[in-house]
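Below you'll find the structure, written out as structure tokens, and then a few comments.
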Amino acid sequence: MLKGLFSQSGIISKMLILFGVSCFTVVLGAIVMLLVPRTNVQDVSYLKTMQLVESVGMFVIPPFIFAYFCSVKPIFFLHFDRKTNWLHIAIVVLFMLMIIPGINLISSLNQQMILPEAFAGIEAWMKTSEVQMAKLTEQLLNVHSLQALIFNVMLIAMIPALGEELFFRGAIQGILGEKMNMRFAIWISAIVFSAIHLQFYGFFPRLLMGAFFGYLLFWSENLWLPIAAHFTNNAVAIVFYYLKYNGHKLPDIDTIGTGNTLWLGLLSAVLAICGFFWLKKLLFQQRQISLE
């Protein structure tokens, strides 16, 4: 009797349910972490355990609970039941690899933004947060065994890709799309997706990627495509830094497309725009074929 209990509720009610469930599972995760023994708060194993519990509690579990209470077909609501077209998955993966220099170029421009003097305190806080996040990321990525690499791919690429796409595209975009134009739903969920990371100097590239993930879901009605795109974006960086930290002389992946390789960033951006509209046509056509 609880299944679909709140299916007729409005946007605000459903949002409150989703975030309420997320807060509840995060609190449960925090209680679990209190039971995990630690000798040093900077211990990498403890940090990874905390990251795992936080990701699962905040993003993976809540969409399923929310969908159960707010839809009579919860898996269908999340677009999580669609058959996977492996050719489309491969195309999306290649697209994500192609746009890396363009994303880096946008990120470089984002980092050069300066807030008005009235917001100097906020800007200082944001810079401090960025530095702390960079240090944490380096701690997590600096591994030297294949087993640790595989665990990092699961922890930093697979689980966030699955959880964040379920939460932002499957749940939030789904809630908004029921009552408003889907394009508004895509951009609003992308703004929330970027803002919740609390990284101002990466806000715009993450916003654009979030919107792209939303359009992938809109065009295909298949959550596995944005999951694949999100996973690729994260996994490439993980593997790249693994090679770099283990003696391979590689350029900084975050600078490809800027500085001396600016031309590559511009080319990537142009190809990204063309590829965006080509993907739209491809996925829409496939959707029409599947409906016939």
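The numbers here are math on the coordinates, done by the rules we state, and not lab data. This one's a predicted model, so the numbers in the text were calculated from it and none came from an experiment. We place every Cβ from the backbone using ideal geometry, glycine too, and count neighbours over all the protein chains shown.
Normalised by 2.2 N^0.38 Å, where N counts its residues, the alpha-carbon radius of gyration of segment 163-233 equals 0.99. Taken about its Cα centre, the chain carries a charge dipole of roughly 540 debye when the Cβ of each Lys and Arg holds +1 and the Cβ of each Asp and Glu holds -1. The length gained by stretching the chain between residue 199 and residue 180 to full extension, at 0.36 nm per residue less their Cα-Cα distance, is 4.0 nm.
Between residue 7 and residue 147, the simple label model (points 7 Å from Cα in the Cβ direction) yields a spacing of 4.8 nm. The residue 278 and residue 191 beta-carbon pair, evaluated with R₀ = 30 Å, returns a calculated FRET efficiency of approximately 0.70.
Contact order for segment 82-291, expressed relative to its length and based on alpha carbon pairs under 8 Å spaced 6+ residues apart, stands at 38 percent.
Would you please name the trypsin sites (Lys or Arg not before Pro) within segment 68-162 that are DSSP coil residues with at most 12 other C-beta atoms within 10 Å of their C-beta? Answer by residue number: 83.
The helix-based estimate of mean residue ellipticity at 222 nm for the chain, built from -39,500 (n - 2.57) per DSSP H run of four or more residues and divided by its residue count, is -22000 deg cm²/dmol to the nearest 500.
If you add up the charges near residue 123, with Lys and Arg at +1 and Asp and Glu at -1, over every other residue whose beta carbon is less than 14 angstrom from its beta carbon, what do you get?
Neighbour charge sum, excluding residue 123 itself: -1.
Based on the reciprocal of the average 1/r between different C-alpha atoms, the Kirkwood radius for the chain equals 20.4 Å. Ranking 187, 258, 29 by Cα position along the charge dipole of the chain, where only Lys, Arg, Asp and Glu carry charges on their C-beta atoms, puts 187 farthest toward the positive end.
Mind jotting down the distance between the C-alpha centroids of segment 86-135 and segment 1-62, whole Å? Going from one Cα centre to the other spans 25 Å. Projecting label points 7 angstrom from Cα along Cα→Cβ for residue 134 and residue 16 puts them 4.2 nm apart. Counting Lys and Arg as +1 and Asp and Glu as -1 over every other residue whose Cβ lies under 15 Å from the Cβ of residue 157, the net charge comes to -1.
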